[in-house]
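A short reminder: the numbers here are calculations on the coordinates, not readings from a lab. Predicted model, so just to flag it, every value in this text is computed and none were measured. Here Cβ is always computed from backbone atoms with ideal geometry, including for glycine, and neighbour counts include all displayed protein chains.
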Amino acid sequence: SLTNNDLTSKCCSTLASAIYENVSLISLDLTFNNLTGPHFSDLIAALSSPTCSVKHLELCALKLTHEDSECLVSLSNNRNLEYLNLSHNSITDAGSGHIKDLIEHSSSLKEFMVGANGFSEDVVKELQDLIIARQGLKIDVWQSQAENTALPENVTSI
């Protein structure tokens, strides 16, 4: 785990190299770092590689914004990725299209956490609707302002 190590975007290229070299890495937790910036896409490119074996990826509380969400779509190329946590970032409605694309194109994804970002209630509903259509995928889209309505069991909203 590389949680809370004061890592910045400058580390992303080094992390990417390590991911390319370590094909047996199955879990990576980068929570509570500040990886946004010009080299974040290098890290995502490595995690999106067909040779990447990461199944469990924590990108929680990295200060990601809608500007970072575009490169996240390429994570759908990782056919091993089963769990992705993007919670507690600052991704807003402006990045929701990229998040939707990621969900729609990630065939191996079984659990997706994207709560505590800056999504409006309308976007939360749209994400929930996507998940309802995608059987077998569990999602957590809770937002502090979102209503707690009756949801299917594969959708969580607090």
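Brief remarks follow.
- Cut-off under 5 Å, modelled amide H: who pairs with T92 long-range: H66, G118
- Couplings 3J(HN,Hα) of the range 128-140, computed from phi: 4, 5, 4, 6, 4, 6, 9, 4, x, 9, 9, 9, 10 Hz, in residue order, whole Hz [Karplus 6.51 cos²θ - 1.76 cosθ + 1.60, θ = phi - 60°; x for Gly and Pro].
- Between the amide H of M113 and those of L84, N85, L86, D140, distances stay under 5 Å, these residues lying 5 or more places away or on another chain, with hydrogens modeled in the peptide plane.
- The chain, relative contact order [Cα under 8 Å, separation at least 6], %: 16 percent
- Counting only residues at least eight positions apart within a chain, or on another chain, the lysines with an alpha carbon under 25 Å from that of K55 are K10, K63, K100, K110, K138.
- Per-residue Cβ neighbour rank within 10 angstrom, fewest leading, F32, F112: F32, F112
- When the range 9-156 is described by a simple charge dipole with +1 on each Lys and Arg Cβ and -1 on each Asp and Glu Cβ, the residue from I19, N77, Q143 located farthest towards its positive end is I19.
- Packing order of peptides 59-67, 20-28, 7-15, highest average first: 59-67, 7-15, 20-28 (average count of other Cβ atoms within 10 Å over each peptide's residues).
- Neighbour-count ranking [beta-carbon atoms within 10 angstrom, fewest first] of I132, I99: I132, I99
- Here the 3J(HN,Hα) profile of the range 26-39, calculated from phi with Karplus coefficients 6.51, -1.76 and 1.60 at θ = phi - 60°, is 10, 9, 9, 10, 10, 3, 6, 10, 10, 8, 5, x, x, 9 Hz, Gly and Pro shown as x.
- If you take the Cα centroid of the range 125-142 and the Cα centroid of the range 19-39, the two points sit 25 Å apart.
- Principal axis dimensions, the chain - Cα atoms, whole angstrom, descending: 45, 27, 24
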